[in-house]
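No value in this document is a laboratory result; all are computed from the given coordinates. Quick caveat: nothing in here was measured; it's all calculated off a predicted structure. Cβ placement follows ideal geometry from the backbone for every residue including glycine, while neighbour counts extend to all protein chains displayed.
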Number of protein chains: 2
Amino acid sequence: MIKTAIMGYGTIGSGVAEVLEQNKDVIAKQAGQEVELKYVLDLREFPDSPVADKIVHDFKVIEQDEEVQIVVEAMGGLNPAYPFVKACLLAGKHVATSNKALVAAYGTELLAIAREKGVNFLFEASVGGGIPIIRPMYRCLMGERIEEITGILNGTTNFILTKMDKEGESFENALKEAQNLGYAERNPEADVEGHDTCRKIAILTAMATGREVDYEDIYTEGITRITDIDFKYAEKMGTSVKLFGTSRIKDGKVNAFVAPVMIQKNNPLYSVNDVFNGIMVKGNMLGVSMFYGSGAGKLPTASAVVADIIEAAQNLDHNLNIGWSGEKQAIESMDQARFRYFVRVAGSYRNKEQDVKRAFGKVEVVELYGMDEFAVLTSEMSEGEFKAAATAYDSAEQARSDYGIKQMIRAML
Amino acid sequence: MIKTAIMGYGTIGSGVAEVLEQNKDVIAKQAGQEVELKYVLDLREFPDSPVADKIVHDFKVIEQDEEVQIVVEAMGGLNPAYPFVKACLLAGKHVATSNKALVAAYGTELLAIAREKGVNFLFEASVGGGIPIIRPMYRCLMGERIEEITGILNGTTNFILTKMDKEGESFENALKEAQNLGYAERNPEADVEGHDTCRKIAILTAMATGREVDYEDIYTEGITRITDIDFKYAEKMGTSVKLFGTSRIKDGKVNAFVAPVMIQKNNPLYSVNDVFNGIMVKGNMLGVSMFYGSGAGKLPTASAVVADIIEAAQNLDHNLNIGWSGEKQAIESMDQARFRYFVRVAGSYRNKEQDVKRAFGKVEVVELYGMDEFAVLTSEMSEGEFKAAATAYDSAEQARSDYGIKQMIRAML
């Protein structure tokens, strides 16, 4: 019998306890022996819960109990998650976590300690909730050179964008609805500003390159400036707008960003709607493969943590050498990333055609009935080239009264 | 250094040789040592190929060379694939195969021999081509009780149905186009009659239950009786028709079938088009998860075989105990499977309403302009109940001239 402990009895922690109990027999069969929950660490008491007699308030009880071989961290945040996880690994215990903030900030150090101590630090649930994605990267795609990872990695923003797309809602109303349904926090910044997606694509990029990725190096833009008018154009164009976390890897160079991107129907991520997540992985031999499912939720996420518990149980006596090293992966400047650009411009195309063509070159024009503006879709160019073109357009136009670029959305069409 | 051999230098076999060469460094890193191709078994010579000096014609060379630890079977068919693979396992060699016919027919015996000999029999590429699905089932979803697997598992039929759906083509024309593009064989029976899908869903069901599944127990119906008229109704209903291989597992009972099924846009498999495959797995804790990608093709399939080679290399000294036992999984009679039914009926609804309602109960009616027929969508019922209802309708109607049920397609709506 293997003994485990769960740190944090919130949504995920209680979900892990539930999965361990509900699927006891399946888990025992796969792990090779029964997995017993010995402790649950939380500041609170849960007198009416099934784990009432397992609650402890002092981390030292877990740290010092040699019987406990696998610890689940489901507290979230960095403190005390980071010191507790570190102490568990140093004490020779395996750790499974669902905490993307922890993995993005301290993954390199925690992986190194796990290697040194011959235990495993596992984090399937930190990206994509219940969707298997971390493990497929080291168990299934291991003969591939990964060339691109593009994911819809945040359910909250995908719900909001889906509402705006399918029901014509404004960003503000869609956000309110997400908050009312409990999909978005009262303070939604981490989701809508793209920070959550940024940490997840940083983790996936580190998995793909084997090198440390500093999430602060990744250009990150959220969805707050996307409007219902953008979706009116998108509808006419047969496109949609999704918040992507993307990494393109070529010859050891990495171009990574988080931003709303305009895509069309033939993109496998086009149909990933509502709170679902989807992660597209492109390998040099495999081509495109996609993983789809619930990116959050108590039981799906808990199921991913339990898969990590089983993996640890199957490899109690050695480190799997997964993850990444301390060598730092350079991320290219966003100016070098290449896109097409959807650009909304004030005025009428008839009056602006010359300036538009001079600044942006060949474009496709999209006009909506009754609007004092129009949109163009540029050819592919680098972000640096686009900025220069936008500046050139502004200079040429600034004397006019109906002047200015009203919107820019990157496009992969 | 690990030495391997490839049996069969056709599309997949030559693809495996290519991936081993192209991604040599990545593979060596993951396998823990270099993987060298020592022999290629084929009746033909390939004097201008990169493996010219590795070609052997005598299987015994591979069987008796103790240096060869991992053998790839990419011959297809059962003979000599079956005796050769069996001999390799008996000689203590690991085997990776892309051959679904072999796995479906002899998997139980080959898995048992592998267990006894302490080697591994791996077959990721036998289902879903390049899509990781076999390995996720034993590496990622191992804490789950699998409740349903539904896959679009055959690229040829999916291409044909997509053409019929999006371009209004007839079955015959869509098949011809598939043949011209090399997606369908001159004798397309294995694909269009559902036999290929049947073997694949049998393998997935055996993985999910841990028991032997006889593919001949699985009700199998192809797409040859699906017409462009069916898709005209589907368009009006906002649905599509896909060839599904499905297994529903509950309390140890399995309901499995291969058949064209009508689905709607919110089904994650709705957007799996052209030659792509998609496999939806439902776990009791995870909920719905989907794997999507290239279901066939030289390099994607070869990449899956290479992932098996790496898995074998990482576990040279022991059997992973994956797959299924010799205990046989009973498959319920198709009469017990439950669906809604899309039924096309001769005549006009005005004249037939009474007989339709008496036979099928509550239905939704769909009428197309200018057709001497109409369609109904029944409530959910078992296949046995549907057969009885269809017989009752026939009896009530048989005296009329515009008589008869023209089409039935199962629906998951």
Item checked: Other-copy label distances relative to A:D251, 7 angstrom Cα-Cβ extension, nm -> 6.3
Item checked: Other protein chain Cβ atoms within 10 Å, averaged over every residue that makes up A:262-272 -> 2
Next item on the list: Could you line up B:K242, A:K38, A:K24 from fewest to most neighbouring Cβ atoms inside 10 Å?
Entry: A:K24, A:K38, B:K242
Checklist line | Residues with amide H under 5 Å from that of B:L122, placed H, sequence gap 5 or more | finding: B:V95, B:A96, B:T97
Notebook entry, point to check: Separation between the B:A91 and A:S325 pseudo-spin-labels, each 7 Å from Cα along Cα→Cβ, expressed in nm?
Noted result: 3.8 nm
Next item on the list: Give, rounded to the nearest 20 debye, the magnitude of the charge dipole that chain A has about its Cα centre when Lys and Arg contribute +1 at Cβ and Asp and Glu contribute -1 at Cβ.
Entry: 1040 debye
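Translational diffusion coefficient of chain B at 20 °C, 1.002 mPa s, Stokes-Einstein with Kirkwood Rh over Cα pairs, in µm²/s as a whole number.
It diffuses with D of about 94 µm²/s by this estimate.
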Notebook entry, point to check: Tell me, what is the percent relative contact order of chain A, built from C-alpha pairs under 8 Å that lie six or more residues apart?
Noted result: 17 percent
Check: Inter-copy label distances at B:D48, 7 Å along the Cα→beta-carbon direction, one decimal in nm, shortest first?
Finding: 7.9
Item checked: Average beta carbon contacts from partner chains per residue of B:274-287, 10 Å cutoff -> 5
Check: Taking K and R as +1 and D and E as -1, what net charge do the other residues with C-beta under 15 Å from the C-beta of A:S379 add up to?
Finding: +2
Note to self: What is the sum of charges, Lys and Arg at +1 and Asp and Glu at -1, for the other residues whose Cβ falls under 14 Å from the Cβ of B:P80?
What the structure shows: -2
Checklist line | Other-copy label distances relative to B:L78, 7 angstrom Cα-Cβ extension, nm | finding: 6.2
Note to self: For peptide A:128-139, what's the mean number of Cβ atoms from other chains within 10 Å of each residue's Cβ?
What the structure shows: 5
Next item on the list: May I ask which residue of B:A302, A:N158, B:I12 lies farthest towards the positive end of the charge dipole of the protein assembly as shown, with charges of +1 (Lys, Arg) and -1 (Asp, Glu) on Cβ and the Cα centre as origin?
Entry: A:N158
Notebook entry, point to check: What does the helix-only formula give at 222 nm for chain A: each DSSP H stretch with n ≥ 4 adding -39500 (n - 2.57), the total divided by the residues, and the result rounded to the nearest 500 deg cm²/dmol?
Noted result: -11500 deg cm²/dmol
Item checked: For region A:139-293, the spread of Cα positions along each principal axis, largest first, Å -> 45, 32, 24
Checklist line | Label point distance in nm, B:Q407-A:E116, each placed 7 Å from Cα along Cα→Cβ | finding: 6.8 nm
Note to self: Once R0 is set to 30 Å, what does the formula 1/(1 + (r/R0)^6) return for the Cβ-Cβ distance between B:S333 and B:N79, expressed as a FRET efficiency to the nearest 0.05?
What the structure shows: 0.40
Checklist line | Selection from B:F84, B:G384, B:I409, by position along the positive dipole direction of chain B (Cβ) | finding: B:G384
Next item on the list: Give me the percent of Cα-Cα pairs in the protein assembly as shown that sit more than 44 Å apart, rounded to a whole number.
Entry: 33 percent
